[in-house]
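Take a look at the structure set out below.
FYI, it's all coordinate maths here, none of it is from the lab. In this text the structure is predicted, and so the values were computed from the model without any measurement. Glycine gets a Cβ as well: all are built from the backbone with ideal geometry, and neighbour counts include every protein chain shown.
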Amino acid sequence: MGASTAVLCEKIRDAAKEEGEEIEIWATALSVAGEEIPKADVILLGPQIRYMQRKVQSEAGDTPVRAIDMTVYGQLDGKSVYQMVKEMRKKDE
């Protein structure tokens, strides 16, 4: 996990807290992602690996998978990513 990913995870947590929600979010290397997929309600991919979305989705089954927009990721915009997570969870209900 890179430093920017760690910062983005923290900003996503902060955005959730601002809305009164606690969320668990973590980052993992793609090489071990298969072990983490069963633990996830939604899966976010960094823009640098968005090309892997179909493969990850096939492994994830019904768990929603989306790539984070490159601009949102680059700006470390935790609020936008949190909004995306909320949308993904609504669609999964």
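For residues that are more than 17 Å from P38 (Cβ to Cβ) and touching a residue at least 12 places away in the same chain (Cβ under 8 Å), scanning just region 58-71, find the one that is surrounded by the fewest Cβ atoms within 10 Å (Cβ to Cβ).
Among those residues, the one meeting the criterion is M70.
Could you list, in sequence order, all residues of region 19-42 that are over 17 Å from E59 (Cβ atoms) and loosely packed, with under 11 Cβ neighbours inside 10 Å?
Passing the criteria: G20, E22, E24.
Only residues that are free of Cβ contacts under 8 Å to residues at least 24 places away in the same chain and farther than 17 Å from M88 by Cα: list them for region 19-29, please.
If the condition is that a residue be free of Cβ contacts under 8 Å to residues at least 24 places away in the same chain and farther than 17 Å from M88 by Cα, then G20 is the only one that fits.
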